[in-house]
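Notes follow the structure.
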Amino acid sequence: MAGFVRRYSFVPPIEEITAIEGVVIIDLPPPGAVAGSSTGVVAVVGEFTDMSSGVSVNSSGDVATAPRPVEIFSGQDLLDKVGGFDETIGDTGASGGSGFIALRNKKFSRLIAVPVNLASSKGVRLFRELPTCKSVTDPSPAVLLTTGTVLAGREFKSGANRARTCARVRFTADGPYKQGVDGAITAAGSPGATQTFSAATGAFTTAKAGLPVQKGDLLVLGVIGGAGALGANAATYRVTADATVATQLTVEKQDGATFDWTSGIAQPYRIHPAADGDTGTQTQASDVGGYLIPARPLDAAITGATTISPTLVPPAATATSWDPLSGLKLRSMPTSGLPYTATIQAANAVSDATLDALYSLAIDALLADALPAREVNILVTARHSDTIRTLAKAHVLLASGQGVGRSAVISPSLATVAVATVIGDAAPGVGATRAERVWYTWPGCRTFIPEAVGYSLKGADGLAYTTGILDVHMDAWVASLCSVLPPERNPGQATAPVPEAFAPILGLQRAAPTMTINEYIQLKAKGVAALRMDKGAGPLIQSGITSSLTSGQKNINRRRMADYIQDSLAQQYLSFCKLPITNAWKDSIVGETDAFLAGLLSLNNPPAQRIVGYLIDDKSGNTPDTEARGVFVVIAKARSLATADEIVLQSEIGEGVNVTAT
């Protein structure tokens, strides 16, 4: 062998090549392919039943607004992450607000939800009773212990005052880590907040895998219906302090109420971890740190240390039966209770400045340069007020200036039913938030929401309905359609996927005016993408236009296709940043641009054509001075496909028409 073989994935300097004799293999990667950016990523900012991703709760039980975008992957995932239908959320028939209603019956290629915080400023705790012992000689659970789930939106009631949870709660079923049949209890003679439980063989200081029984863990005692102390004391209790005596535990009732024992010996007992039956972890009833579950009072503030039962009470436990939520209770924080702000938490709250401020925080959460927020293309808000529409416009202009192109689909309140108001320049008219990145759609429509059947909800005509047929805004429908529609397509088309996407639309909203061609001409002229019920095609957007009146900025598909091309190339160009501007570098960046645009032109596969033609110029925008300063300009021009918005049929029909072929 006369030398060495060396292999490089880059062109090494000449000094490296000549360092030793032999063969140098330069294995350069082929030009990269430009991966098209996502164009149908929709973010819906709204009021959801589960606000876990809209709040944070600190160790003192303080609930703060902290919206975090979450991606939704399926219908079940939607229920798991942001909850289901809640008839008390949203100003139905007017400004809206319910994120669930905004999303129901729609399809998205990608969906991101941002919950608005409706929770009280203080948290609550939930607890359940665990099954008591099988018998005086068998401390094991009388019924198989299972997990218990309290869905977000579960209602609890105290007199005329109601509260609903704002997060899903799951009780574990880890089971007892200590049990015995030698429990001893002695009546104190008067009720107290705590009592002492004893067991000669308890070894409570080492019972938890060598550690003491912890504060907050649960003592299950006795048998329901048993004789004497066996039945009189049968319940689930909370340990109030870490065990320091091997034979004794100090316990309280889960609701913190005073109580006294009935004396007894040889009592069966179990000790469970706190999470099996309490959301307060290692705390007692008086500790504010145990109140970690966000909740929403619906009618008034609930005073401190109030224990509330569910409106629909689960079956009570017996000696031989038990429901996973038997004994379920909600308890308010001892010091502050559950504060109430009517403009935010009241049932079906109307739009208000306080709600607008919460929407502002939730919309701003989409400015984060992190997944999934940074990939959003289309913004929709579930509530519709003048302020929120203005916020949406400002947001998409700011977000587009520092990331992927983003547009907002907006609508006025369902109470807006006059064409003159809609086409006006003052809010709520289209002119108040006019921009190419703002798509104004009206009127609303009717759709069937099965979950709403039986609930009395207001329609756009001001009357109440229990049929489940609700009036909803059109903006989320347009966002849904654009999510599944290629960006070069006009959302006003009547062919697939429009019929499928709009199939659940039953008609125009209640109280909508009767509109003829003249009204639709006015709406198009002013930049309104208007819903029309076509006698042949069904529901469609008459004109797929932005709210801009500037020539060249009127069509939604032009804006979407421009964003698609720009964002796709920009993402690929990032891989070229900070590399030396060599001729090979220039060839690569131009080559990848050409390959991407050629794919859109698709000369060899006409059915896949997405643009008419393109031009790439890497010369006229560059000078030695700009290149020396690290600036390189690629000019890319693409002519997008026009859509057949108007088709002219010129005809002559009659007995005297000359039809001789020429």
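Bear in mind these aren't lab numbers, they're just calculated from the coordinates by the rules spelled out. Keep in mind that what you see is a predicted model, and the values were worked out from it rather than measured. All Cβ positions, even for glycine, are placed from backbone atoms using ideal geometry, and neighbour counts span all protein chains on display.
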Taking the number of other C-beta atoms within 10 Å as the exposure measure, put Asp299, Asp625 in order starting with the fewest. Asp625, Asp299
Would you kindly state how much longer the chain becomes between Leu151 and Thr262 on full extension, computed as 0.36 nm times their sequence separation minus their alpha carbon distance, in nm to one decimal? 36.3 nm
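How would you rank 548-560, 649-661, 230-242, highest first, on the average number of other Cβ atoms within 10 Å across their residues? Before the final figure, lay out the partial values.
Values: 548-560: 17.9, 649-661: 5.3, 230-242: 21.1.
Highest-to-lowest ranking by the protection proxy: 230-242, 548-560, 649-661.
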Specify whether the C-alpha gyration tensor of the chain places it in the rounded, prolate or oblate class, a ≥ b ≥ c being the square roots of the eigenvalues: rounded for a/c under 1.5, otherwise prolate if a/b is larger than b/c and oblate if not. oblate
Along the charge dipole of segment 581-662, which of Val657, Ala642, Gly599 sits closest to the positive end, that is, farthest toward it, with unit charges on the beta carbon of Lys, Arg, Asp and Glu (+1, +1, -1, -1)? Gly599
Quick check: pseudo-label points 7 Å beyond the Cα along Cα→Cβ at Thr623 and Leu361, how many nm apart are they? 5.0 nm
If the cut-off is a Cα-Cα distance under 21 Å, which lysines reach Lys107, setting aside same-chain residues fewer than 8 apart in sequence? Lys81
Can you give me the angle between helix 583-601 and the longest principal axis of the chain, using Cα atoms only, in degrees from 0 to 90, rounded to the nearest 10? 90 degrees
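Set the Förster distance to 22 Å, then compute FRET efficiency between Thr467 and Ala347 from the Cβ-Cβ distance, nearest 0.05.
On the way: r = 20 Å, r/R0 = 0.90.
That pair, Thr467 with Ala347, gives E of 0.65.
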For the chain, size of Cβ-based charge dipole, Lys and Arg +1, Asp and Glu -1, in debye: 620 debye
So how many Lys-Lys pairs in segment 528-662 land under 21 Å Cα to Cα, not counting same-chain pairs under 8 apart? 6
Net lengthening on full extension, Ser109/Ala316 (0.36 nm per residue, minus Cα-Cα): 70.0 nm
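If we sort 440-447, 637-644 on the protection proxy, mean other Cβ atoms within 10 Å, highest first, what's the order? Don't jump to the answer; show the numbers that get you there.
Details: 440-447: 26.2, 637-644: 13.9.
Peptide ranking by packing, descending: 440-447, 637-644.
Residue separation times 0.36 nm, minus the C-alpha to C-alpha distance between Asp80 and Ala370: what's the value? Walk me through the intermediate numbers first.
Numbers: separation 290, 0.36 × 290 = 104.40 nm, distance 2.22 nm.
Net length gain for the segment: 102.2 nm.
Counting other beta carbons within 10 Å of each Cβ, put Thr205, Thr262 in order, fewest first.
On the way: Thr205 17, Thr262 14.
The most exposed by this proxy come first: Thr262, Thr205.
Rounded, prolate or oblate, given the Cα gyration tensor of segment 581-662, with a/c below 1.5 counting as rounded? Don't jump to the answer; show the numbers that get you there.
Numbers: a/c = 4.72, a/b = 3.30, b/c = 1.43.
Prolate, since a/c reaches 1.5 and a/b exceeds b/c.
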The FRET efficiency for Phe632 and Ala503, from their Cβ-Cβ distance with R0 = 41 Å and rounded to 0.05, is 0.25
